[in-house]
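The values are calculated or read from the model by the stated rules, or taken from the named source; none is laboratory data. Being a predicted model, the structure only gives us computed values, none of them experimental. Note that each Cβ is placed from the backbone with ideal geometry, even for glycine, and that neighbours are counted across all protein chains shown.
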Amino acid sequence: MIPALSVTIPAHNEARYIGRCIESVWASAHHAGLNVEVVVALNRCTDATQALAESLGARCVVEDRKCIAAVRNAAIRASTAQAIATIDADSWMTTHSVASVLSHAHNPRFIGGGAFMLPERWSAGILATGLLIAPLVMGRGVSGGMFWFLRDTFEALNGFDERLVSIEDLDFALRMKALGQARGRKFGTVWRGGIKTSCRKFDTHGDWHLVINPGLLRRIFSGRDRAAADQYYYDVDR
């Protein structure tokens with residue numbers, strides 16, 4: 001049976017978080033009474049990510065390039081449903097996520113979209129960082145956190161841009177919004193049924209790190225600065 005929704009997860013040494021993420025998908029699917037699949041793309045994993053994911057019913061594929069766009073694409077291309085959601089391994093769905101994603105994804109008004117996202121904790125630094133980043137994302141009419149779309153939209157966009165080493169998600173959202181405008185459809189945001197996400201980057205780098213290092217933020221948002229991406233994403237201990 002083809003699932004109603006494929007949930008795809010990129011994962012690099014995510015043993016600490018992957019269980020909670022996958023379990024949240026199953027709980028949300030159970031609440032909706034819908035059949036879903038979970039596909040995890042393993043990226044240079046040396047921990048128990050694969051064993052944990054498979055023990056919880058996920059299917060795993062391997063993509064070892066040091067490129068999060070390629071990892072996202074590998075998971076999506078290995079999935080089977082027409083409706084797709086992609087979520088990071090350190091985030092988790094809420095009760096209404098699956099139902100909300102499917103109702104939006106199959107609504108002809110929308111080309112696809114993102115989701116309302118809350119952090120697992122708050123601080124002044126986290127709030128300041130959010131206010132710093134908001135104009136770069138929401139100010140451009142898109143949202144992120146968990147992207148959802150139909151397979152033909154993904155194919156029309158040729159997936160996530162594998163030339164980028166960061167902000168591949170923002171780039172995908174902006175290209176999806178542009179495609180929607182060309183087709184008379186809107187970029188949507190799932191509000192009821194959004195997600196929560198860990199604060200591990202803040203835990204690792206400090207809650208004020210990006211606020212007091214605006215140059216690093218600019219380098220990350222260039223999408224092509226390998227050293228900045230490695231420093232903030234790829235080479236961080238998990």
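Points to keep in mind about this one:
- All positions within segment 208-219 that are buried (at least 16 other Cβ atoms within 10 Å of the Cβ) and either hydroxyl-bearing (Ser, Thr, Tyr) or within 21 Å of the chain's Cα centre (by Cα) (or both): 210, 217, 219
- Residue match in segment 218-235 (condition: of a type in the set (Asp, Glu), at pLDDT below 95 and under 24 Å from residue 67 (Cα atoms)): yes
- Just so you know, in segment 157-169 the residues that are within 12 Å of the chain's Cα centre (by Cα) and of a type in the set (A, V, I, L, M, F, W, C) include one that is surrounded by the fewest Cβ atoms within 10 Å (Cβ to Cβ), and it is 167.
- Meets criteria (surrounded by 23 or more Cβ atoms within 10 Å (Cβ to Cβ) and not polar (S, T, N, Q)) for residue 21: yes
Listed here are the residues, each with its yes/no results for (1) crowded, with 17+ Cβ neighbours inside 10 Å; (2) of a type in the set (S, T, N, Q); (3) within 11 Å of residue 173 (Cβ to Cβ).
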site	(1), (2), (3)
114	yes, no, yes
119	no, no, no
123	no, yes, no
132	no, no, no
137	yes, no, yes
140	no, no, yes
147	yes, no, yes
152	no, no, no
155	no, no, no
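- For beta carbons closer than 8 Å, sequence separation of 6+ or different chains, a first residue in segment 134-155 that is in contact (Cβ under 8 Å) with a residue 40 or more places away in the chain and a second that is of a type in the set (Lys, Arg) and in a helix (DSSP H, G or I), the qualifying pairs are 141/177; 142/177.
- Among the helices (runs of 4 or more DSSP H) confined to segment 50-163, the ones with at least 3 residues that are closer than 19 Å to residue 195 by Cβ are located at 68-77, 97-105, 124-137.
- Residue list for segment 87-101, filter: more than 16 Å from the chain's Cα centre (by Cα) and among the aliphatic types (A, V, I, L, M): 99
- Any hit, segment 191-206, residues being in contact with a strand residue (DSSP E or B) (Cβ under 9 Å, 6 or more places away or on another chain), surrounded by 18 or more Cβ atoms within 10 Å (Cβ to Cβ), part of a strand (DSSP E or B) and of a type in the set (A, V, I, L, M, F, W, C): yes
- Restricting segment 24-39 to residues that are touching a residue at least 40 places away in the same chain (Cβ under 8 Å) and over 16 Å from residue 96 (Cα atoms), the residue that is surrounded by the fewest Cβ atoms within 10 Å (Cβ to Cβ) is 37.
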